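Here the structure comes first, spelled out in structure tokens, and everything after it is commentary.
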Ligand code: LLP
């Protein structure tokens, strides 16, 4: 089919209802896709987050992103507090019928402002380092709601966690168990532990973010779990309190979750049969989010529908460790188009955010929708959106249909709230961006943009 002239796109853009009616008939496949994306944020007023267009301007809650960019510069991470609360509350409601703790997986976003907002809602934390413990406590998350996973906890980290009396260690190996027993002995305390079990279930997600299979480094293999529990029960300085699993991230199906939970529960029954009573059942995190409008990952309520019947009648406190599904769609990265160029085979939009600011596209080939901050009538074009970093792998999008972007214009990289800033770096000696938290009509700078001085701090 022939592509229609450009005025049709513009006309379509100005009348949303007509757009719905006409798109099937007139817009060829790639454009249709891109139009859908660009408009669905506006049309549906997406139920997932509070970034939306008003009078052609993309807003974070009550504030135009352009205003934030003018005030704080770009690249800029912008978070929506209302979205954070909404997603946290969705978990609270979903599991409200049973004793539970929602432990936000702060590797997804460890900004103090974000953490304080979640702490205020009653969140606990799933941590993986001493640094995360430090941040969690500083943000007001009670130690009694902190669980600590990670395959390589050091003596100092174990000491810090014991000193602060965290809820429990999610222990990932027999060696680590021995070490925690030794360190707790030195400190004359009993260490509360859960064993992280590797259930060997394929979560059907990207291999880099899949964890619960034998070929990955996480957890204690299911077969070795029983002897490990027996060993733990014999240790003088260990208090066995729980069991944990986490099979992977960006899960879009619940079947693997259910399968792994069933395996864990079978083990729990076995342990109880041997007189070992565990208080905490930690089912990990991993629910996916919608990176594009055609994805439809399960909501917390759907997860609860699978989990709650399976644990009915069990006298346990449930722990859930969501990260991405709380903060992912609550953040965007605002970036400015610096230059444009064409290589003859490709058109490039060169922006001021690079792979050091958001590495997910480069590292996982991840898709993030990119939207113009100011919507205007203009043709679509196929471009690579690339950053200033000296790597060919430095891109935010490849072969993407976008409304034509001019120099100086702002773009919003959507769904960047999880594993965005936290995975950022100073590569190419680029100061890391500022972060802003919007709540209604108010905004708060929750992290200053780094300066050149920050780059050399600590060097001698
Ligand atoms: N609990 C444990 C033990 C985990 O390892 C993780 C994530 C979570 C909870 C939280 O998972 P979530 O709910 O966020 O899916 N950098 C990757 C994701 C790595 C996830 C690592 N573990 C990305 O950008 O996709």
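A short reminder: the numbers here are calculations on the coordinates, not readings from a lab. All values derive from a computational prediction rather than experimental measurement. Don't worry about glycine lacking a Cβ; one is built from the backbone with ideal geometry, like all the others, and counts go over all protein chains shown.
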Gap in Å between the Cα centre of the stretch 385-460 and the Cα centre of the stretch 168-193?
-> 39
Rounded to the nearest 10 degrees, what's the angle between the helix 16-26 long axis and the longest principal axis of the chain, both from Cα atoms, 0 to 90?
-> 80
Please give the length that would be gained between residue 312 and residue 404 if that part of the chain were fully extended, namely 0.36 nm times their separation in residues minus their C-alpha to C-alpha distance (nm, one decimal).
-> 27.7 nm
Among beta bridges assigned by DSSP with both residues in the chain, the antiparallel ones amount in percent, to the nearest 5, to 50
Using a ≥ b ≥ c from the Cα gyration tensor of the stretch 100-249 (square roots of the eigenvalues), is it rounded, prolate or oblate, where a/c under 1.5 gives rounded and otherwise the larger of a/b and b/c decides, a/b for prolate?
-> oblate
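Expressed as a whole percent, how much of the Cα-Cα distance distribution for the stretch 149-322 exceeds 24 Å? Each step should come with its number before you reach the end.
On the way: 5483 of 15051 pairs.
Roughly 36 percent, rounded to a whole number.
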Give the angle, between 0 and 90 degrees and rounded to the nearest 10, that separates the Cα long axis of helix 255-273 from the longest principal axis of the Cα atoms of the chain.
-> 10
Mean separation of Cα contacts under 8 Å, 6 or more apart, over the residue count of the stretch 149-322: relative contact order % | 20
How would you rank 129, 415, 343, going from fewest to most other Cβ atoms within 10 Å of each one's own Cβ?
-> 343, 129, 415
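Kindly put 337, 390 in sequence by how many other C-beta atoms sit within 10 Å of each C-beta, fewest to most. Intermediate results must be reported in sequence, preceding the final value.
Working: 337 19, 390 9.
Ascending Cβ contact count within 10 Å gives the list 390, 337.
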From the Cα centre of the stretch 215-292 to that of the stretch 305-366, the distance in Å is 26
Using label points projected 7 Å from each Cα along Cα→Cβ, tell me how many nm separate residue 342 and residue 52, to one decimal.
-> 3.8
Hydrodynamic radius by Kirkwood for the stretch 334-460, inverse mean 1/r across distinct Cα pairs, in Å, is 15.6
Order by neighbour count: 338, 318, 195, 303, fewest other Cβ atoms within 10 Å first, most last.
-> 338, 318, 303, 195
How are the Cα pair distances of the stretch 377-424 distributed, in percent, across 5 Å bins from 0?
-> 5, 16, 22, 27, 19, 9, 2, 0
Using Cα pairs closer than 8 Å and at least 6 residues apart in sequence, work out the relative contact order for the chain, in percent.
-> 18
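Would the stretch 265-329 count as rounded, prolate or oblate if I go by the C-alpha gyration tensor, calling it rounded below 1.5 in a/c and otherwise prolate when a/b exceeds b/c, oblate otherwise?
On the way: a/c = 3.44, a/b = 2.61, b/c = 1.32.
Verdict is prolate for the stretch 265-329.
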If the viscosity is 1.567 mPa s and the temperature 4 °C, what Stokes-Einstein diffusion coefficient in µm²/s follows for the chain when Rh is the Kirkwood radius over Cα pairs?
-> 55
Between 0 and 90°, nearest 10: helix 29-43 axis offset from the chain longest Cα axis = 70
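Above 14 Å lies some portion of the pair distances; for the stretch 69-131, what is it as a whole percent of all C-alpha pairs? Numbers along the way, then the final one.
Details: 1216 of 1953 pairs.
That tail contains 62 percent of the Cα-Cα pairs.
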